1. Failed condition for B:Ser327, given (1) touching a Pro at 6+ places or on another chain (Cβ under 6 Å); (2) crowded, with 20+ Cβ neighbours inside 10 Å, with all others met?
2. Criterion first (touching a helix residue (DSSP H, G or I) at 6+ places or on another chain (Cβ under 9 Å), without any contact (Cβ under 8 Å) to a residue 12 or more places away in the chain and not basic (Lys, Arg)) does A:Thr162 satisfy it?
3. Scanning segment A:143-161 for residues that are hydrophobic (A, V, I, L, M, F, W, C) and under 16 Å from A:Val212 (Cα atoms), which turns out farthest from the other protein chains (Cβ to nearest Cβ)?
4. I'd like the full set of residues that are closer than 18 Å to B:Gly241 by Cα, without any contact (Cβ under 8 Å) to a residue 40 or more places away in the chain and either surrounded by fewer than 24 Cβ atoms within 10 Å (Cβ to Cβ) or among the aromatic types (Phe, Trp, Tyr) (or both), limited to segment B:154-179.
5. Consider only pairs whose beta carbons are under 6 Å apart and that are at least six residues apart or on different chains; among these, list those whose first residue lies in segment B:210-227 and is free of Cβ contacts under 8 Å to residues at least 60 places away in the same chain and whose second residue is in a helix (DSSP H, G or I).
6. For segment B:266-287, give me each residue that is surrounded by fewer than 21 Cβ atoms within 10 Å (Cβ to Cβ) and over 23 Å from B:Phe250 (Cα atoms).
7. Under the condition of being of a type in the set (S, T, N, Q) and assigned to a helix (DSSP H, G or I), which residue from segment B:330-375 is farthest from B:Arg86 (Cα to Cα)?
8. Hey, which of the helices (runs of 4 or more DSSP H) in segment B:1-83, taking only ones fully inside, have at least 1 residues that are acidic (Asp, Glu)?
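The values are calculated or read from the model by the stated rules, or taken from the named source; none is laboratory data. The shown structure was predicted, so the numbers you read here are calculated from the model rather than taken from an experiment. Note: ideal-geometry Cβ built from the backbone for every residue, glycine included; neighbour counts use all protein chains shown.
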Amino acid sequence: MNRIVTRLDALRAAGKKAGTTAIVAYVTAGHPHPDMTVGIMHELVAAGADLLELGVPFSDPMADGPVIQRACETALGHGVSSGTVFKMLRRFRERDVTTPVILMGYLNPIETMGTGAFAARAAEAGADGVLVVDCPPEESGELNAALKAKELCQIYLLSPTTTDDRVRLIAGQGSGFLYYVALTGVTGADSLIPDTVVARVQQIRGMTDLPVGVGFGIKDAESAVVLAAGADLIIVGSALVARLGERGDPEAVKAAAALVSEIRAGLDAPSVAGERGVL
Amino acid sequence: MAKRPDTASLPDARGHFGPWGGTFVAETLVGPLEELRDAWERYRMDPEFVQELESDLKHFVGRPSPVYFAQRWSRKIGGADIWLKREDLNHTGAHKINNTVGQALLARRMGKGRVIAETGAGQHGVASATVAARFGLDCVVYMGRVDMVRQAINVYRMRLLGAEVIPVESGSKTLKDALNEALRDWVSNVHDTFYIIGTVAGPHPYPVMVREFQAVIGREARAQMIEQTGRLPDVAVACVGGGSNAIGLFHGFLDDDVKLVGVEAAGAGLETGEHAASLCAGQPGVLHGSRSYLLSDADGQISETHSVSAGLDYPGVGPEHAWLKDSGRAEYVAVTDDDALAAFHELTVTEGIMPALESSHALAYARTLARDMGPGAVILVNLSGRGDKDVQTVADIDGVAL
């Protein structure tokens, strides 16, 4: 059984209680330094992350904002390749076999390796799902089949401009969960309108059995709590990467982990957990 | 004779030319691209739109651009007759404005008051800033920091035209990074912003839309060659970066018995790795929303490219060129910086026409071809832009302080 499904099913079964909104924590593999990535992953889990999203660095991450673009450049500067990312994941799995890990990246490095080979190596390294930013459902037949063959979830993005018909199309092809992009912009932007996001996510949850996560634009515990109102998962990325900084400072890792702890505490505060009807 | 692909039916509804093209974008761009596609489908055949476009091409751009027999240069080479399609004589000095006029007219009809553009050499940025001024639109141009240094005059031209030029500091700080940054702006501001892509690359509908706006080059050239020489050329040659001037020229001759040759930038030489020849030396991949040939490393990371001409310095190429290459209808070759520079100087002193360094690549290949084909043959070269913008670059290479 895929770890994403197991984890999210378990949370769903727990009902409307504290700890039932899953936190997905994103890090770019190899940022700020390849030697630190596995340690950072463990720290984030210890701080309360339920799922991890491991960014596969790409030279031209056009859907990402400046923070993750810089993180990709740093990682590539250290020579990180898709192969390195698999090695990091295997090392993470030596100590953690339960936390779901999603690989997030762009299509060209995957196709360069070959979609079949990528899926096989990802599964062998201990990945549970793959999110390919620039591969919408209409273009992802081959990739989707390759991931399914290895029992990997394919996570798709939904955006504020995604129509109901497309939500159903994407939900029909996706697995694990659906990732709602809270704003019309790039990762780390700050133009989201919480009420609109919450309302739309609730609508989407009515159209699919898949859990729905919200990401892009979550800066702190406060914004996470507001957006979590409609969501099964919240995804925090650029804010973590920004806290990790570029210097490879151990204090920065603590600061990033603290952000996850703050979000966890915010989500689990009785007033918040009681009001929500999630999962 | 090369095969004639069934181009009338291409691309398909989602922008595929066979295995090439498509719409490889994040979900955030799917809605905006559908809105653009719907507008394009609606207006492309609209008589009022077509009339307004034709009027602006005539009175604002200065079309038709002439074809010109480069007689002294042809004689000097001592082979085939070389004719030039004078896109350098367009307003703003290059073919780029054919497309920006069209897209700006579309932006106005879509109610978008702000246009954005990416630029490499600055020609597309200038052409975008020009139409923005002409139509009273706000304009932001993204340009790699490296290109801003290489093309300082064009940066100032854009600013004089009222555009804001934003330096791009990410990645290789050239055209591909400017394109990334423009896409980011577009996805964040799509409610009031129209993204004017300058070439036949990007996600559907850009490759087909830009092609249709540039097809005027080939349509005119075909009629002009028949009128002035009584025949079609044997070969039509154009430089290829993203590939818009070449697609525009080629589309006039696709169904004719005319050989089509696209000339890429071989930079310091294909064997050195320092080039921008994605069709000649790249492999299939996905970048900036479509599948085409591109230059990337063993891990699929996009390579940094090199060319003396900023306009060809791009690691990808329009998907229709990938299709034309695979179908055998067009042939693609590459010319080095040195050969392009030699052609630049030669045309300038023998014809009094200073070509853009981009176009100089096509000229350099035409020179070789003219010798090989010999007298009696006719070669048509798309002189896609004028070289005034490159004077500083050439002076630097020649060791001349201005």
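1. Tallying (1) touching a Pro at 6+ places or on another chain (Cβ under 6 Å); (2) crowded, with 20+ Cβ neighbours inside 10 Å, B:Ser327 fails exactly one: (2).
2. On the way: touching a helix residue (DSSP H, G or I) at 6+ places or on another chain (Cβ under 9 Å): yes; without any contact (Cβ under 8 Å) to a residue 12 or more places away in the chain: yes; not basic (Lys, Arg): yes.
So A:Thr162 passes the test.
3. So the residue we want is A:Cys153.
4. B:Lys173
5. Within 6 Å, the pairs are B:Ala215/B:Gly248; B:Gly218/B:Gly248; B:Gly218/B:Leu249.
6. B:Ala268, B:Gly269, B:Leu270, B:Glu271, B:Thr272, B:Gly273, B:Glu274
7. So, considering only residues that are of a type in the set (S, T, N, Q) and assigned to a helix (DSSP H, G or I), the one farthest from B:Arg86 (Cα to Cα) is B:Thr368.
8. Working: elements: B:27-43, B:47-56, B:71-77.
Of the helices (runs of 4 or more DSSP H) lying wholly inside segment B:1-83, those with at least 1 residues that are acidic (Asp, Glu) span B:27-43, B:47-56.
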